[in-house]
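First up is the structure itself, then whatever we jot down about it.
The values are calculated or read from the model by the stated rules, or taken from the named source; none is laboratory data. Predicted, not measured: the structure shown is a model, and the values here were computed from it. Here Cβ is always computed from backbone atoms with ideal geometry, including for glycine, and neighbour counts include all displayed protein chains. With ligands, DNA and RNA removed, areas are computed over all heavy atoms of the protein, side chains included. Shrake-Rupley method; radii C 1.70, N 1.55, O 1.52, S 1.80 Å.
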Amino acid sequence: MKAAVLHGVGDLVCEQVPIPELGEKDVLVKVSACGVCGSDIPRVLETGTYHFPTIPGHEFGGRIAEVGSGVSKELCGKRVAVIPLIPCKTCKSCETGQYAQCEHYDFLGSRNDGGFAEYVKVPESNLLFVPENVDEEAVAFLEPISVALHVVQNCRVNYGDSVAVFGLGAIGIFVAQWAKAFGAKHVFAIDLDEKKVEIAKSMGLVDALCIGKDDIDAIVKEKTNGTGIDRAFEASGAGAAFKQAISLLRMEGTLGLVGRPVHSLEIENQTFEKILRFQITIKGTWSFEFKEFPHHAWKQSLDAINAGVIKTEPFISHRMPLEDTLKAVKLMKDKSEFFYKILIKPEM
């Protein structure tokens, strides 16, 4: 099969490799589309994966092409999304269903081979079955959609809240859509890129704002009657966004952190003082949930796509073959042209 194989930092090569051999409880998934995540930039170009060679890519889905000896052959041909986190199921976090905090987890696309390939070996327990009517490209977004759902639930967005989301990458745009779905009165979707803001508006986020063009402080003050916002989400990793998010929060508001900073973050005295005086809650969120109780987050995300509550197609900017995977990652790092979400499609 063809796969984009990472042999070392910056050394990502599309080449022929053996199709994975299946264990008893594994299935072989023929990949239809795999998203390029912002975390793939350092993984491919800066820090590398946990070992070499590795096939990156963790946002993907496809069809079951083959099954292990302990899996029903009736599953062959079924459409699936792939949950990339493989928890150990034995540590204290796993005992309570907190799989994202697993102490000994495996992960497709960083610790094990992932979705920048024609085929991927996946444990049967990591499959989410997808109806035929769901667009195959939308399935590749279920991972970031589920991350965003975890962010919004973790920070307890309520009906009637005013919400600001800083950074309209994949996670940010899905956080904004989920906040709207949860009944937020205003969702201020904020980014530096005017094109991303316009796309956000086209997806129904009418309060989307552009830094440098819109007077964000004045608009938020007017639309919240001067009280400030209830929930702010920092999804860009930028220190300036962290500071502005704090400045917009009302008394006892909540700041949800999900963007990973590129540079060291410094908090000015004035910002720290507001955190204290306004008794602001700062809440971090990591990865996604997929325990069965009380709800399976990936199933919720699939339902939201199916119902049109969460939209994906408007912000797909590029579709590329496996041979162009390194080009896609470099494009994202260098910002050599406008991009939003890039999909790698092995059949192209």
Discussion item. Among the β-branched types (Val, Ile, Thr) and in contact with a Cys (Cβ under 9 Å, 6 or more places away or on another chain): which single residue out of Ile41, Ile83, Ile64 fits that description?
Written reply: Ile64
Response to the item:
When (1) free of Cβ contacts under 8 Å to residues at least 60 places away in the same chain; (2) more than 30 Å from Glu337 (Cβ to Cβ) are applied to Glu198, the one that fails is (2)
Worksheet item: Tally time: how many residues in segment 234-247 are under 15 Å from Val175 (Cβ atoms) and in a helix (DSSP H, G or I)?
Response: 2
Worksheet entry | Given (1) surrounded by fewer than 20 Cβ atoms within 10 Å (Cβ to Cβ); (2) within 20 Å of Gly169 (Cα to Cα); (3) not acidic (Asp, Glu), index of the condition Arg231 fails | (1)
Item to complete: Report yes if Phe129 is touching a Pro at 6+ places or on another chain (Cβ under 9 Å) and open to solvent by 10 Å² or more (accessible area, probe 1.4 Å), otherwise no.
Response: no
Worksheet entry | Scan of segment 104-122 for residues that are more than 21 Å from the chain's Cα centre (by Cα) and either surrounded by fewer than 15 Cβ atoms within 10 Å (Cβ to Cβ) or not charged (D, E, K, R) (or both), ordered by number | His104, Tyr119
Worksheet, complete the sentence: The correct count of residues that are modelled with pLDDT under 95 and under 25 Å from Lys185 (Cα atoms) in segment 128-168 is 0
Fill in: Subset of segment 178-219 that is among the β-branched types (Val, Ile, Thr) and over 16 Å from Ala232 (Cα atoms) - its residue that is surrounded by the fewest Cβ atoms within 10 Å (Cβ to Cβ)
Val206
Item to complete: Just one of (1) open to solvent by less than 10 Å² (accessible area, probe 1.4 Å); (2) hydrophobic (A, V, I, L, M, F, W, C); (3) in a loop (DSSP other than H, G, I, E, B) trips up Cys88, so point out which.
Response: (1)
